[in-house]
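Chemist: I have a structure here, written as structure tokens, and I will follow up with some questions on it.
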Amino acid sequence: MFAGKKRGPSAPTKQSRLLMISTVLFLTGTAFAINAPSIRIRIDTVPDHYSPTDATINEPVSMQDFHFEVNPETRRARIVVDYSYPDEFMYERNDDNRGPKPTIAQIPGLKYDVVNQQVVYWANGKISVCANVEDHKGIFGRHLRVKSTGVCTVKVEDVKHAKDDGWAIRRFKAIDTYFEVR
């Protein structure tokens, strides 16, 4: 029927290529918009290295974890961010400072809703549920267990800073810690 020519898929037309590119850009843009936080607040800047006492090393610091704490009496909530360094278990017994200091931050708009037992963040007329709070009875009595919902997170970034001390500009690396709401 078609002597000497192989029949295969036809080359995409200019119109179909534009449609494919538009679709990819739309889907990629949507994916970025879904992952982008709607609110991002810097809560602290911490040194990017730590030197344990009685050691001559300088260890890189990273965020270990974060959690919420609540005070039912004052209806307040706060975030606690813990940091670690690679050889922490080897040096922690002799380290008088007990490692990098945690960040403890009370953020405007972050509250403990006692009635619904939730940590909520109020901003721009919108309420986001950051954590659920449960009563827990254990060997040591009653306490509150706070479980994050994943809507509110803490992220860190390695950054270069410059600080003017009035005479000279001092440049240094640090870790910026951010509270994010999705």
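Chemist: Please tell me if residue 92 is more than 24 Å from the chain's Cα centre (by Cα), charged (D, E, K, R) and either at pLDDT 95 or above or closer than 21 Å to residue 47 by Cα (or both). Let's see the steps before the verdict.
Modeler: Working: more than 24 Å from the chain's Cα centre (by Cα): yes; charged (D, E, K, R): yes; either at pLDDT 95 or above or closer than 21 Å to residue 47 by Cα (or both): yes.
Considered against the rule, which asks whether it is more than 24 Å from the chain's Cα centre (by Cα), charged (D, E, K, R) and either at pLDDT 95 or above or closer than 21 Å to residue 47 by Cα (or both), residue 92 comes out as yes.
Chemist: Kindly state which strands (runs of 3 or more DSSP E) lie completely within the range 107-178 and contain at least 2 residues that are closer than 17 Å to residue 38 by Cα and either of a type in the set (Val, Ile, Thr) or without any contact (Cβ under 8 Å) to a residue 12 or more places away in the chain (or both). Step through it out loud before you land on a result.
Modeler: Working: elements: 110-113, 118-123, 126-138, 141-148, 152-164.
Of the strands (runs of 3 or more DSSP E) lying wholly inside the range 107-178, those with at least 2 residues that are closer than 17 Å to residue 38 by Cα and either of a type in the set (Val, Ile, Thr) or without any contact (Cβ under 8 Å) to a residue 12 or more places away in the chain (or both) span 126-138, 152-164.
Rundown of residues vs (1) touching a Pro at 6+ places or on another chain (Cβ under 8 Å); (2) farther than 30 Å from residue 126 by Cβ, yes/no style:
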| site | (1), (2) |
| --- | --- |
| 63 | no, no |
| 79 | no, no |
| 82 | yes, no |
| 97 | yes, yes |
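Chemist: Are there any pairs with C-beta distances below 8 angstrom linking a residue in the range 64-79 that is surrounded by fewer than 17 Cβ atoms within 10 Å (Cβ to Cβ) to a residue that is modelled with pLDDT of 95 or more and of a type in the set (Lys, Arg), with the two at least 6 apart or on different chains, and if so which?
Modeler: Listed by first residue and then by second, the contacts come to 69/78; 75/111; 76/111.
Chemist: Filter the range 84-97 down to residues that are surrounded by 11 or more Cβ atoms within 10 Å (Cβ to Cβ), outside any helix (DSSP H, G or I) and free of Cβ contacts under 8 Å to residues at least 40 places away in the same chain, then give me how many there are.
Modeler: So the answer is 4.
The values are calculated or read from the model by the stated rules, or taken from the named source; none is laboratory data. It should be emphasised that the depicted structure is a prediction, and the values quoted were computed from it without experimental measurement. Every residue, glycine among them, receives a Cβ derived from its backbone with ideal geometry; neighbour counts consider all protein chains shown.
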